[in-house]
Amino acid sequence: MNLKMRLKDEWKLGLSEGLDQGRAEGKTEGRDEMTLGLIHALQAQGMPQKQIIEALALARKISLAKAQHYYEQVTQAANESAH
């Protein structure tokens, strides 16, 4: 295999890995946005914090601690926009 072919193969591999990483990051961002949107929707319906966190943990199949973290992100963003 000559150098030109090897470089082309390495470039293709790098491109493929970059696309895979970009897709994974995009999926994560999409899930995070959906999760935060769900919290907003449940708050708008008047659901109490504890129930929102439990529903979120169940729906996303995440720990209560992780659900609490998402909830805190929403409340922190709301507090920052109010000031």
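Note the listed values (i) 1.08; (ii) 1.14; (iii) 1.32, then indicate which one is Rg/Rh (Cα atoms, Kirkwood Rh) calculated from this particular structure.
(iii)
How high is the FRET efficiency from Gln76 to Asp9, r the C-beta distance, R0 41 Å, rounded to 0.05?
Details: r = 47 Å, r/R0 = 1.14.
Efficiency computed from Cβ-Cβ geometry: 0.30.
Can you tell me, using C-alpha contacts under 8 Å and at least 6 residues apart, the relative contact order of the chain as a whole percent? Intermediate values should be presented prior to the final figure.
Details: 27 pairs, mean separation 18.2, N = 83.
Relative contact order comes out at 22 percent.
Run the helix sum for the chain: -39,500 (n - 2.57) per DSSP H stretch of 4+ residues, divided by residue count, reported at 222 nm to the nearest 500 deg cm²/dmol. Could the numbers behind the result be given before it?
On the way: 3 runs with 73 residues, N = 83.
Computed mean residue ellipticity for the chain: -31000 deg cm²/dmol.
Please identify every one of the trypsin sites (Lys or Arg not before Pro) in the range 22-83 that sits in a loop by DSSP and has no more than 13 other beta carbons within 10 Å of its own beta carbon. Please list the in-between numbers first.
Working: sites: Arg23, Lys27, Arg31, Lys50, Arg60, Lys61, Lys66; in loops: Lys61.
Loop-located and lightly packed - Lys61.
Can you list the HN-Hα couplings for the range 29-44, worked out from phi with the Karplus curve (6.51, -1.76, 1.60; θ = phi - 60°), rounded to whole Hz and with x for Gly and Pro?
4, x, 5, 4, 5, 5, 5, 5, x, 4, 4, 4, 5, 5, 5, 5
Between Asn2 and Arg23, what is the label-point separation in nm under the 7 Å Cα-to-beta-carbon projection?
3.3
Roughly how many Å is it from the Cα centre of the range 6-21 to that of the range 24-83, as a whole number?
Here the two parts' Cα centres lie 36 Å apart.
Laboratory data are not the source of any read-out in this text; all were calculated from the coordinates shown. Being a predicted model, the structure only gives us computed values, none of them experimental. FYI the Cβ positions are ideal-geometry reconstructions off the backbone, even for glycines, and counts take in every protein chain you see.
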